[in-house]
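Quick notes on the structure that follows.
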Amino acid sequence: MPLAVCATPIGNLDDVTLRLLDELRSADVILCEDTRHSRVLLDRHGISGAKLLSYHEHNETKRTAELLPRLLAGERVALVSDAGMPGISDPGARLVGAALEQGVPVTVLPGPSAVDTALVAGGFAADRYQFVGFLPRGAGALTALWRELAGWAHPVVAFESPQRLPGTLRSLAAAQPGREVAVCRELTKKFEEVVRGSAAEVSARFVEPPKGEITLVLGPGEEERDLPGALEAVAELVAAGVPRRQAADVVSRLTGASRNELYRRTL
C-alpha cells in the first residue's frame, strides 16, 4: 500500500474531501502532528476506532525508522498534520523521502491551503508568487529578507505567529512603508479577518498581538529589477522571432520583472 499524505482543513472542519474521509477510515494507522487535534477532526466526521500515532518535529527520525518496515510490509499509513499539507512548513518530508528511497509508493490527497486562500483573500491572486514559509525571528534576518524581496515583482506569502506579528509589521513598515500587505487571520474559521493596506497602515492596526493563526501576504515589490534591461531583452527575443508572450515569460523568469508589464510595455 502507498503512504497516503493527506491535506487536512486549515480551520473549518467541513473543508474535507470524500477521498480524505475514506482514507482516514481505511488506514491501519494515522500519523498525526498532534493526536488530540486530529481526534477532533475524526470525531467531527464520525470516524471511530482509528489508531493514531504521533509524528512531529521532535520524533520524526525515530518514527520514520519505525514506520518504514510497516510500510514495506503493506500496512496502510495515512500522514496528516494539524492543518494543511504535511511536509509544507509541517513535519512529513523526512518520511516521504525515506518511503520513496525504499520503493514505497506515495500518494498525495490534495486539500485546503492557507497559502492559496490568503493569496486570493488578500486580493493578490497572480499567476506567479513566492512562498517563504515561516518568517525569520531575528531583526537582522527580517531586514535582510525585506531587502531581498524589495525587487520581487510578484506577491509573497509567509506564515507568522500572532505574538511576533506586530514586530514583523513594524520592521516591514520601516523598510517599505508603502508596500501593500494583507494580514489574514483565522482563515476559514468563524472569526476570519483579512486586513489590507500599506505596511505602515497595517502596522498601526496591529500594535498588539492578535489571536489566531496568521498568514501574511505582501504585494509586489516597490522596486523593479532592471526593468530597462528586461524590456530590451524581450525586444531582442521578439526581433529574433520568439513570440512576444513567450519572450516576456522567459525574461520574467530570469529577472523577476512582471511578465504582464514586460508584454505590455514592449507592444
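Readers should treat all values here as calculations from the given coordinates under stated rules, not as data from a laboratory. These numbers were taken from a predicted model, which means no experiment stands behind them. Quick reminder, even Gly has a Cβ in these numbers, built from the backbone with ideal geometry, and neighbours come from all protein chains shown.
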Under the Karplus relation with 6.51, -1.76 and 1.60 and θ = phi - 60°, whole-Hz ³J(HN,Hα) for the range 193-198, x at Gly and Pro, equal 9, 10, 10, 10, x, 6
Across 5 Å bins beginning at 0, the whole-percent shares of Cα-Cα pair distances in the chain come to 1, 6, 12, 13, 13, 12, 12, 11, 9, 6, 3, 1, 0, 0
Each label sits 7 Å from Cα toward the beta-carbon; between E193 and V120 the label points are separated, in nm, by 2.4 nm
GNM of the chain, Cα pairs under 10 angstrom: of V29, V238, V156, the biggest fluctuation goes to V238
The ³J(HN,Hα) series, computed from each phi in the range 80-88 with the Karplus coefficients 6.51, -1.76 and 1.60 at θ = phi - 60°, rounded to the nearest Hz and given as x for glycine or proline, is 10, 10, 4, 7, x, 9, x, x, 9
Among E232, E75, E60, the residue with the largest mean-square fluctuation in a Gaussian network model of the chain built from Cα contacts under 10 Å is E232
Charge dipole of the chain built from unit charges on the beta carbon (Lys, Arg +1; Asp, Glu -1), centred at mean Cα; most positive-end Cα among L237, N260, G111 is G111
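Restricting to DSSP loop positions (anything but H, G, I, E, B) with no more than 11 other Cβ atoms inside 10 Å of their own Cβ, which GluC sites (Glu not before Pro) remain in the range 11-57?
Values: sites: E23, E33, E57; in loops: E33, E57.
Sparse-neighbourhood loop GluC sites (Glu not before Pro): E57.
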Highest mean packing first, using Cβ neighbours within 10 angstrom, the peptides 38-45, 168-175, 1-8 sort as 1-8, 168-175, 38-45
Between G197 and residues 5 or more places away or on another chain, the pairs with built amide H atoms under 5 Å apart involve V181
Extension length gain for V242 and R265 (0.36 nm per residue less Cα distance), in nm, is 6.7 nm
Restricting to lysines and to Cα separations under 19 Å from K211, and discarding same-chain partners fewer than 8 apart, the set is K189, K190
Distance in Å, no decimals, from the C-alpha centre of the range 1-66 to the one of the range 131-181 is 32 Å
